[in-house]
Each structure stands twice: as C-alpha cells, then as structure tokens.
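Accompanying notes for the structure given below.
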Amino acid sequence: MAYAPGMRIAYFSNPRLQLSQLSSGSTTYALPTPTAIGIEAGLPGEADNVRTINQNAFEVYHYRSAPDALTGGGTLVNVSTRAFVGTGSQQLIGGLVISGSEPKTVILRGAGPALLTYGVSDALLDPVLRVFRLGETSPLASNGDWYNQANPEGTVIPAFPFAVGSRDAALRLTLPPGGYTVNIEGDQGTQGTALVEAYETNASGAVKLVNLSTRAYADSQRPMIAGFVVQPDIRDPARRKKLLIRVLGPSLAQYGVSDFLPDPLMRLYDSTGRFLLEIDDWDPPTTNLSDSTRLVRGQVDQYSEQQVFDITRRLGLENLRPVEPAWVVDVPPGGYSVVVQPFNDPASGQPAQPGVGLVEVYEVTVP
C-alpha cells in the first residue's frame, strides 16, 4: 500500500504497530528506533488502513449476502453480560424493553458461583438479583439463592444449569410491556465477576424484546462482555436483522455516574468468536462539531456516521458524545458478543482509563 517514491512493505498502515526493521523485496532495513507505520486519524497525513478495514469488513462481507437488502427479520430473544461487580455505581445492571400490549414471561438470572465451573476464578460468590420497573425505586422482585423460592425449576435454562443449593440468583416473571432493569450486587458488599441473563420463554411477533442493555464496570484486564441472540424469522430464516449497537461512557455523567468510562472501545464477535468489527469513536475528530461536549452535527463525512445519526433520531434517543462508539449493523440470525474495554493507544500516549460503561442494542424497524 505504497506509492512512488514510497517503499512497499508487507503491512497495511497502522499507527498502533511499531517496527524495528522493515523488509522490502529481498532487502531488510534496520530502523534507529521503533517506528509506527501509520498516522493517527485526525492528524495531518492520517494513515490507518487497519482501522478502516476492521470497521468495514463485516459490512463489506455481507454486502452481497442479500441482493435485495432485506433486513428487519428475526427477533432479539435474550441478553447475557459478564462483567466485574463492585459496589455503588459498579454494580452490574441489565436492561430490557418489552413492546406490545400483552405481558411477556422472562427468566432473569444472576450467575456467580456457576462461573467457577467455566474457569472464572474471581466469580461473585453470593449475587443478589433485584428487578426494577424503569423509573421506580422499589424492586418488583428479588432473589439471592435461586433454589430458595416457590418454583425454582421454572428458572432453569437447559444450556446453563445452576447446581441445586448454589447461591446463584434467578427469577421467572411475567412482566407487562415497558422498561425494566435487572441489578446484580454482591451480598454484604462482596465483589467479583458475575453474569446477568434475560431470556424470553416464548417468542411472539406481537410482544417482544426491542431493546437490550447492560451497564457495568470495565478495565483492560476485565472487559464487559455483552451477548445477545437474534432468533430467525420463521417466514424467512435467512433474513437479516438491523440493529443499532452503541456504548455510552461520558454520557452517563448526567445520570450521576462519576466513574464513567471516558473513552470506550467496542468490538463485535459472532457466536464462533469470529471478529466482525471494531469502533472506537462514533465521530472521529475530523468531523466538524458545533458543540464539543454534545454531538451536534456540523457536517456528514461518513455514511456509517449518518446511519447512526439518523437512527438515533428515529428511535428518540439522546445524542452520543464523539468518543462513544456506535454502529448500525445488518446481522444474520445467531449469537453475538459486544466486548467493551477502555481505549488504549501507547503510540499517542493515551493510557487505558477504566470506568462504567453502558452497552445498548436496539432493534431498528425498517421503513
């Protein structure tokens, strides 16, 4: 990827990669100091083809998978997020929105001790699960030990069972349409890694989950890993689902979260662990902003940004800060993971700054 009089090397431009020597043809050149082979976005002569490829690979891959660009099929059926659980603002909070006019039965779980079986050594040993209706301060229901309730068998998930008598938490509830949060904390202030889960018990076209979210603490060693599943449309199983995926960090300050994630990085993977895309800033610094603290568009310079901007407005959501990642994707049915951690760039001297972030997955209605 070089033009005369440049020298061709076997790398795409990447300011995060530093080399001590370069090879071109049969000749190897030693460099006096490790040198980055790219220039950060926003700087004169910016060159970061690796970032461009990563951000667009998933969209390019699926460009011809559906010639008529049919999206909007399928249904969001569950969310599960693994993250560190601390105290105060560092509790693990799962959110869901139920649309329609009838109640929906869901299974809500907080796994802690069960994670030890899967090699999570710092598992939260005694999680407490509380369910709140959005805007209310008193919980609808709570559970500390899943087996200590009238019908514990109703909370069992075949793919991920809890041991009888374990201190994992779970509830089976029938909830009317609206927004809810599922809060996971450690009993008596204990800390550790936990998994919050929300499952539909029956998928219905009239009553369904249209928004899944999770708020948690993330650092470089303990990322927040949010998973969601798109169930196929029975009328057209191959039809893709259009989603808005975004991560809030600095925006959480207006809700009283002082230890927010200042610069979140988002990566998307499929159920096989295959990397799909990566995005750091929703709106790179090259965009002309009329307000540096809130996102007020000055000019549109990328199609992907325009999609995020338009759909954010259509869904009636608050605007993003420029450093908060967001992407509109058309995904085939299946399972996906959103991995969130602090952005880190040794080349520019930006350290990883941990904090609390919020992952949101929105179902987008196709006009």
> Using r as the Cβ-Cβ distance of residue 306 and residue 134, and R0 as 25 Å, what FRET efficiency do you calculate, to the nearest 0.05?
Replying inline: 0.25
> For the pair residue 187 and residue 235, how long in nm is the line joining their label points, each one 7 Å along Cα→Cβ?
Replying inline: 4.8 nm
> In whole Hz, what ³J(HN,Hα) sequence does segment 14-23 give by Karplus (6.51, -1.76, 1.60; θ = phi - 60°), x for Gly and Pro?
Replying inline: 7, x, 8, 9, 10, 10, 9, 8, 10, 10
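Could you rank the peptides 113-124, 19-30 by their average count of other C-beta atoms within 10 Å per residue, with the highest value first? Working shown, then result.
Numbers: 113-124: 16.2, 19-30: 10.6.
Per-residue Cβ counts within 10 Å, averaged per peptide and sorted highest first, yield 113-124, 19-30.
Sorted by packing (mean other beta-carbon atoms within 10 Å per residue), highest first, where do 170-180, 92-102, 307-317, 321-331 land? Working shown, then result.
Numbers: 170-180: 17.1, 92-102: 19.1, 307-317: 15.5, 321-331: 22.5.
Packing proxy ranking, top to bottom: 321-331, 92-102, 170-180, 307-317.
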> Quick one: Kirkwood hydrodynamic radius for segment 115-242, alpha-carbon pairs, angstrom, one decimal?
Replying inline: 16.7 Å
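Apply 1/(1 + (r/R0)^6) to the Cβ-Cβ distance of residue 157 and residue 29, taking R0 = 56 Å, and write down the FRET efficiency to the nearest 0.05. Each step should come with its number before you reach the end.
Details: r = 57 Å, r/R0 = 1.02.
The value I calculate is 0.45.
Give me the number: length gained by fully extending residue 7 to residue 254, i.e. 0.36 nm times residue separation minus the C-alpha to C-alpha distance, one decimal in nm. All intermediate terms of the calculation are to be shown ahead of the outcome.
Numbers: separation 247, 0.36 × 247 = 88.92 nm, distance 4.96 nm.
In short, 84.0 nm is gained.
What's the FRET efficiency of residue 17 with residue 142 using the Cβ-Cβ distance as r and R₀ = 56 Å, to the nearest 0.05? Walk me through the numbers on the way to the answer.
Details: r = 49 Å, r/R0 = 0.88.
After rounding, the FRET efficiency stands at 0.70.
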> So what's the net charge close to residue 39: Lys and Arg +1, Asp and Glu -1, counting the other residues with Cβ under 10 Å from its Cβ?
Replying inline: -3
> How far apart, in nm, are the 7 Å Cα→Cβ label points at residue 116 and residue 274?
Replying inline: 3.7 nm
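None of the figures in this text is laboratory data; all of them are computed from the coordinates on show. Remember, it's a predicted structure, so these values are computed and weren't measured experimentally. Cβ atoms come from the backbone with ideal geometry, glycine included; neighbour counts cover every protein chain shown.
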